[in-house]
């Protein structure tokens, strides 16, 4: 009698585990215990490419890239160009972010455009005689996929480009949010 009771309890336990283990997963992520939304899963960004077009149409269009095929950490980048621009010139610039670990490469810029109210590119030139203005917006704040660069006299320095992810906290500044990618380019104005 005791054996039958033990087998019955064991059968009910296994059946309960089977039913709960086969329950369909909910596609929507659950909030954490403190009621905050789930953490944003970052896309792998392996490459940042800056393209420049002289607004006067005199200088040739140029591109400068940063490529780190395995992403942050691991192996050293395979390409880290120096930005070289002509002094006293105006440029329209565009940034493109790629995940080149995928084949074909995934254009992360498209996701940034779709979620433009959650993203902000920050440009910080240092010792370079460059003024950089973001020229695209999400309807309220600038985004920075497209920019206008104005160069001054010859100088050598750096330009740091940072993509901030700012869901619910975007205020037009580079302070809030998490950093999705940050690259510092040596910059020469010639």
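Are any residues in segment 172-185 outside any loop (DSSP other than H, G, I, E, B) and surrounded by 15 or more Cβ atoms within 10 Å (Cβ to Cβ), and if so, which ones? Hits for segment 172-185 are 180, 181, 183, 185.
Just wondering, is there one or more residues in segment 157-165 that are out of contact with any helix residue (DSSP H, G or I) (no Cβ under 6 Å at 6 or more places or on another chain), within 18 Å of residue 90 (Cβ to Cβ), surrounded by 14 or more Cβ atoms within 10 Å (Cβ to Cβ) and modelled with pLDDT of 95 or more? The answer is yes, given that some residue of segment 157-165 is out of contact with any helix residue (DSSP H, G or I) (no Cβ under 6 Å at 6 or more places or on another chain), within 18 Å of residue 90 (Cβ to Cβ), surrounded by 14 or more Cβ atoms within 10 Å (Cβ to Cβ) and modelled with pLDDT of 95 or more. Scanning segment 65-85 for residues that are under 23 Å from residue 157 (Cα atoms) and assigned to a loop (DSSP other than H, G, I, E, B) yields a count of 6.
Quick one: is residue 169 surrounded by fewer than 18 Cβ atoms within 10 Å (Cβ to Cβ) and assigned to a strand (DSSP E or B)? Spell out how you get there, then give the answer.
Working: surrounded by fewer than 18 Cβ atoms within 10 Å (Cβ to Cβ): yes; assigned to a strand (DSSP E or B): no.
In short, no.
Condition (residue is on the phi > 0 side of the Ramachandran plot, in a loop (DSSP other than H, G, I, E, B), buried (at least 18 other Cβ atoms within 10 Å of the Cβ) and under 14 Å from the mean Cα position of the chain (by Cα)) applied to segment 115-135: is it met by at least one residue? No. Applying a threshold of 8 Å to beta carbon distances and a minimum spacing of six or more residues, or different chains, the list of pairs starting in segment 86-113 at a residue that is in a helix (DSSP H, G or I) and ending at one that is modelled with pLDDT of 95 or more and loosely packed, with under 14 Cβ neighbours inside 10 Å is empty. Considering the conditions (1) crowded, with 18+ Cβ neighbours inside 10 Å; (2) within 20 Å of the chain's Cα centre (by Cα); (3) closer than 16 Å to residue 185 by Cβ, residue 145 is excluded by exactly one of them, (3).
The values are calculated or read from the model by the stated rules, or taken from the named source; none is laboratory data. It should be emphasised that the depicted structure is a prediction, and the values quoted were computed from it without experimental measurement. All Cβ positions, glycine included, derive from the backbone under ideal geometry; neighbour counts span all protein chains shown.
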